[in-house]
Amino acid sequence: MTCTDHQGEMLNAGVAPWWSVDSHSRSTAQPEAGLMAGERSDSGGSFSCLRGSAEWRAKRSEQVGGVADGVGGWRDYGVDPSQFSGTLMRTCERLVKEGRFVPSNPIGILTTSYCELLQNKVPLLGSSTACIVVLDRTSHRLHTANLGDSGFLVVRGGEVVHRSDEQQHYFNTPFQLSIAPPEAEGVVLSDSPDAADSTSFDVQLGDIILTATDGLFDNMPDYMILQELKKLKNSNYESIQQTARSIAEQAHELAYDPNYMSPFAQFACDNGLNVRGGKPDDITVLLSIVAEYTD
């Protein structure tokens with residue numbers, strides 16, 4: 001059994017998954033070091049991001065954000081792919097809020113969360129990609145973990161200066177965390193959290209951090225994303241939210257254009273397939289700007 005990507009259908013407003021290490025420190029004021037806003041387009045839930053506050057002020061200096069994209073092939077077996085990705089992200093959220101993570105090791109967040117899912121007494125089946133970013137607000141250093149074909153970009157001065165590497169076993173079959181029924185163990189494609197690509201690097205004030213599911217990258221090449229980011233004139237929440245929405249809506253529109261040669265279609269052609277048009281899929285876009293931090 002091989003699970004590939006899922007096809008999306010509708011556009012919904014999203015929330016801003018910016019995880020705090022302290023669940024009691026919620027604030028409606030603008031945080032001093034990072035501000036994240038998000039938009040999502042989905043087909044009923046085979047992606048997941050943190051359902052929570054758009055803005056947090058944490059006692060510790062780290063902020064964490066992430067997305068997970070449930071693998072839609074499970075629908076063919078009567079399994080809702082959103083259950084796995086949603087549970088994975090909610091578990092990550094809880095671990096972060098409880099402070100049970102090492103900022104420089106975001107893979108550890110994925111590993112602990114996945115292990116908890118494996119030990120869950122309530123049966124849970126499915127697969128998901130995942131991308132987690134941890135911003136150390138005092139050192140202005142970003143730590144990342146990416147498993148599969150979701151990912152991130154860091155944009156500085158209108159150019160991409162850092163990006164995640166897509167992980168694919170073969171065309172349209174990304175690396176994924178999985179839980180299979182006992183009779184299918186060893187048959188369902190499943191990767192270890194340790195297989196996630198991990199990076200750490202410095203960021204600068206004003207850097208834009210974009211985290212998204214593959215539904216964005218499959219439909220919008222970098223130059224289109226950069227064109228939209230150039231419209232971001234300031235770092236207030238409303239401006240970031242509007243830019244995230246604009247990017248998600250444009251990707252959603254392109255996904256249903258049968259004449260558009262999308263990045264996904266180009267990749268398919270490179271793999272010997274005669275494909276044209278966008279790729280209808282779940283789309284999650286999260287934006288953050290690195291701003292000054294004061295304790």
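The values are calculated or read from the model by the stated rules, or taken from the named source; none is laboratory data. Computed from a prediction, not measured in an experiment: that's the story for all the values here. Backbone-built Cβ (ideal geometry, glycine too); neighbour counts: all protein chains shown. Surface areas here come from the heavy atoms of the whole protein model, side chains and all, with no ligands, DNA or RNA. Shrake-Rupley method; radii C 1.70, N 1.55, O 1.52, S 1.80 Å.
Among the conditions (1) open to solvent by 10 Å² or more (accessible area, probe 1.4 Å); (2) at pLDDT 95 or above, the only one that LEU110 does not satisfy is (1). Are any of the residues in segment 196-218 closer than 29 Å to SER139 by Cα, surrounded by fewer than 20 Cβ atoms within 10 Å (Cβ to Cβ) and without any contact (Cβ under 8 Å) to a residue 60 or more places away in the chain? Checked segment 196-218: at least one residue is closer than 29 Å to SER139 by Cα, surrounded by fewer than 20 Cβ atoms within 10 Å (Cβ to Cβ) and without any contact (Cβ under 8 Å) to a residue 60 or more places away in the chain.
For segment 171-184, the candidate set comprises residues that are touching a helix residue (DSSP H, G or I) at 6+ places or on another chain (Cβ under 9 Å) and open to solvent by 40 Å² or more (accessible area, probe 1.4 Å); within that set, the residue that is nearest to TYR77 (Cα to Cα) is PHE175. Here the strands (runs of 3 or more DSSP E) wholly within segment 113-170 that include at least 1 residues being open to solvent by less than 10 Å² (accessible area, probe 1.4 Å) and at negative phi are 126-136, 141-147, 151-156.
Only a single criterion out of (1) open to solvent by 30 Å² or more (accessible area, probe 1.4 Å); (2) more than 27 Å from PRO123 (Cβ to Cβ); (3) modelled with pLDDT under 95 is not satisfied by VAL187, namely (2). Among the conditions (1) surrounded by fewer than 24 Cβ atoms within 10 Å (Cβ to Cβ); (2) touching a Lys or Arg at 6+ places or on another chain (Cβ under 9 Å), the only one that GLU98 does not satisfy is (2).
Suppose we filter GLU249, GLU253 for residues that are open to solvent by 30 Å² or more (accessible area, probe 1.4 Å), in a helix (DSSP H, G or I), more than 19 Å from PHE152 (Cα to Cα) and not aliphatic (A, V, I, L, M); which single one remains? Don't jump to the end; show me each part of the working.
Details: GLU249 fails: more than 19 Å from PHE152 (Cα to Cα).
The match here is GLU253.
Picking from residues in segment 65-122 that are acidic (Asp, Glu) and touching a strand residue (DSSP E or B) at 6+ places or on another chain (Cβ under 9 Å), the one that is farthest from ALA195 (Cα to Cα) is ASP80. When segment 250-279 is filtered for residues that are more than 27 Å from LYS231 (Cα to Cα) and of a type in the set (Asp, Glu), only ASP270 remains.
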